[in-house]
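Down below is the structure, laid out as structure tokens.
Every read-out reported here was derived from the displayed coordinates using simple, explicitly stated rules and does not represent laboratory data. For clarity, every value in this text was computed on a predicted model and none was experimentally measured. No Cβ is skipped: glycine too gets one built from the backbone with ideal geometry, and neighbour counts run over all protein chains shown.
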Amino acid sequence: MTDAGSETALMTDAGSETAPITDAGSEPAATASECNEQPPQAFLIRSNYLSAPGGNARSVRYRTQQYGAFKDAGSADPGVERAAAFVVPTTFMGLPIRLHRKVVPALKCVEERIRAVCADHPYAPRALAGIRSRNTYRKGEVTSHVYGIAIDIDPDRNPCCGCVKPWRDVALCRVAARSDFERMVMPECWVHAFESFGFYWLGHDVLRDTMHFEFLGDPDRISKESPATPRMQGSPPDVAP
Ligand SMILES: [Zn+2]
């Protein structure tokens, strides 16, 4: 149990930020042969950047360089485009969401994995939240939501037990759970699917924010076809379905 969240984070009304049902549109797609597994980058994980000297500033600087600026956070160079300018509509498990276009292929890899391996744990999300226009962290921290690289799944069913009230004031936060996975309705299988493709689950954090995933992998390594990971010489070409 922790009350760290009471000082560090204030969650907004997720409902008001749930993506409107608009055009699902066309988006970058990834097929099984294209998805590249990767872990989240350690220096971007919240518990790590908060404990490292200069860690928070480095995290903000990296996200600004990779995804664009959020207001004056990260002392962005003049001319750096705002992250919000790169946000596109997409879908996840049939629901609309707006995210930074760089991370959409990673989310598609997650969905593909869930559909392939989580069938024994059926779960149908009802509400998603992605890009957010307001920073809900304090003390110089910047939430990944403002860069469009974070996704919340069903805030009413997957609580944030380390956040401020009313977020932690739910029954699931009061159960004597043996693991973080027992304080949410979402299946653990989903967490592992996200974690396979560079997403970090904030359920591991002191915030116990079980609804929240953020992409902390290398966006240039989402696809095996990306320049950062050239195909090995002599390997067979991909076959179009
Ligand atoms: Zn979130």
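Values for this structure:
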quantity: Within region 128-143: backbone nitrogen closer than 15 Å to the residue 62 label point (7 Å, Cα to C-beta); calculated: 142-143
quantity: Gain upon complete extension [residue 225, residue 93; 0.36 nm per residue less C-alpha separation]; calculated: 45.1 nm
quantity: Segment residue 192-residue 172, extension gain: residue separation times 0.36 nm, minus the distance between their alpha carbons; calculated: 5.1 nm
quantity: Peptide ranges 198-204, 152-158, 124-130, 166-172 listed from the most packed, as the mean C-beta count within 10 angstrom indicates; calculated: 198-204, 152-158, 124-130, 166-172
quantity: Sum of side-chain charges, residue 175 neighbourhood, beta-carbon under 15 Å (Lys, Arg +1; Asp, Glu -1); calculated: +3
quantity: Gyration tensor verdict on region 110-181 (Cα atoms; rounded if a/c is under 1.5, prolate if a/b is larger than b/c, oblate otherwise); calculated: oblate
quantity: Summed residue charge, Cβ within 14 Å of residue 118's Cβ, Lys/Arg positive, Asp/Glu negative; calculated: -3
